[in-house]
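First the structure, in the form of structure tokens, and then the observations on it.
Taken together, the values in this text are just the output of simple stated rules run on the coordinates, not laboratory data. Because the structure is predicted, anything quoted here is derived from the model rather than measured. No Cβ is skipped: glycine too gets one built from the backbone with ideal geometry, and neighbour counts run over all protein chains shown.
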Number of protein chains: 2
Amino acid sequence: MQSQQAQRAQIAVDIESPEPLFAQLIEQIKKAVLSGQLGPGDALPSIRQLANDLNVNNKTVAKAYRLLERDSVIQTKGYRGTFVHPDAVVNSSFDLSARVQSSISEAIEACREAGATDSEIRIAFGHVMQNRTTGGD
Amino acid sequence: MQSQQAQRAQIAVDIESPEPLFAQLIEQIKKAVLSGQLGPGDALPSIRQLANDLNVNNKTVAKAYRLLERDSVIQTKGYRGTFVHPDAVVNSSFDLSARVQSSISEAIEACREAGATDSEIRIAFGHVMQNRTTGGD
DNA sequence: TGTTGTACCCTTACCCCAGAGGGTACAAAT
DNA sequence: ATTTGTACCCTCTGGGGTAAGGGTACAACA
């Protein structure tokens, strides 16, 4: 199992899991918000702090925080630290990845029904993604 | 340049081109049909024959033929050989890849506007494509 | 026997990407 | 001086895809 706990929040990470670490962090924090373990305005451990507690890389935690802030689950206040967003509870139940996946899924299904090969679909996808790199990780 | 010509049809292939060989073949044949150089019912060189003439692998030609037949540009009659499809002219102007690409493009654009990262889109795409391998190349 | 398309097997090389780690640096504030 | 988030640089591992080639085999014919 090898999970390590962060004292401040109830956050654990499983290195053995196929689920990416940053995704586990996002999931954990959202879950903590939804269960009320974390309330709006609560302070989150700093990136370096949490990374150290969980024995993961700063960038991994930073990535999770970045995504969480984009989804308005947390709020970063520069040098003052990171806090739970006022609307965190509502926003935590919103899964953008799921939305994206179903959107993509529909398009793919349509292509398949049109007779397109998986290979062709992949190629087309690659071409579209290649043409503008919006940037961002 | 290094292009080689097939006597029977006006088909050339450029090894230096970044365009895949099989795609060049498809394009060439469609062009030949659209320009009237190949008419419905005309016999095409056999897979092995054309592969030999152009100095490419059998499988490469076979792949092009397979896609062309799926799109009803050509017609394979088993041991008798391959022929230009009766509706070849109409079907040659239909580019499934382009259709697929625009369909995928729309979905991607929607995801981007929803705030999704390119990375997230790729991940979602990968997940969808992974779940059912329809098979086919 | 030879040709047709087709279906398998396996191999090569190339490219792109995700995930994760390591390091250094910076402005803004305390 | 230290902490904060953030932005760069670099690395490595692994996975999965295409494209193309090489080979062998098959049933259906002529």
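Identify the chymotrypsin sites (Phe, Trp or Tyr not before Pro) of segment B:1-106 meeting these criteria: DSSP loop state and at most 10 other C-beta atoms within 10 Å of the C-beta. Nothing satisfies the criteria. Per-residue shielding of B:92-99, expressed as the average number of other chain Cβ atoms within 10 Å of the residue Cβ, stands at 3.
In summary, the lysines within cross-link reach of B:LYS30, defined as a Cα separation below 24 angstrom excluding same-chain residues under 8 places away, comprise B:LYS59, B:LYS63, B:LYS77. Kindly provide the trypsin sites (Lys or Arg not before Pro) of segment A:46-137 that DSSP labels as loop, not H, G, I, E or B, and whose Cβ sees at most 16 other Cβ atoms within 10 Å. Taking segment A:46-137 and a limit of 16 other Cβ atoms within 10 Å, the loop trypsin sites (Lys or Arg not before Pro) found are A:LYS77, A:ARG132.
Think of the protein assembly as shown as a dipole: +1 on every Lys or Arg Cβ, -1 on every Asp or Glu Cβ, centred on the Cα centre; then among A:LEU44, A:PRO86, A:SER72, A:LEU44 lies furthest on the positive end.
Each label point was placed 7 Å from the Cα along the Cα-to-Cβ direction; for B:GLU19 and A:LEU34 their separation is 5.0 nm. Just checking the listed ones, B:GLU106, B:GLU19, B:GLU27: in the Gaussian network model of chain B with Cα springs under 10 Å, the one fluctuating most is B:GLU106. Overall, chain B carries a charge dipole of about 660 debye about its Cα centre when +1 sits on the Cβ of Lys and Arg and -1 on the Cβ of Asp and Glu, all other atoms neutral. Among the helices of chain B, those built from whole DSSP H runs whose Cα atoms reach 24 Å or more along their own axis and whose mean Kyte-Doolittle hydropathy is at least -1.0 are B:96-113.
Can you give the FRET efficiency for B:ASN52 and B:HIS127, using 1/(1 + (r/R0)^6), R0 = 30 Å, r = Cβ-Cβ distance, to the nearest 0.05?
Working: r = 42 Å, r/R0 = 1.41.
Computed FRET efficiency for B:ASN52 and B:HIS127: 0.10.
Dividing the summed -39500 (n - 2.57) terms of all DSSP H runs of n ≥ 4 by the residue count of chain B sets its mean residue ellipticity at 222 nm at -16500 deg cm²/dmol. Coordinate range of the alpha-carbon atoms in chain B per principal axis, descending: 54, 32, 28 Å.
Projected label points at A:TYR79 and B:LYS59, each 7 Å from Cα along the beta carbon direction, are separated by 6.2 nanometres.
Provide the gained length on full extension for the span A:ALA98 to A:ALA43, in nm with one decimal, where the gain is 0.36 nm per separating residue minus the Cα-Cα distance. Walk me through the numbers on the way to the answer.
Working: separation 55, 0.36 × 55 = 19.80 nm, distance 2.75 nm.
Working it through step by step, the gained length comes to 17.0 nm.
Pairs of Cα atoms nearer than 8 Å and 6+ residues apart set the relative contact order; for chain B it is 19 percent.
As a size descriptor, the averaged projected area of the C-alpha convex hull of the protein assembly as shown was calculated at 19.0 nm².
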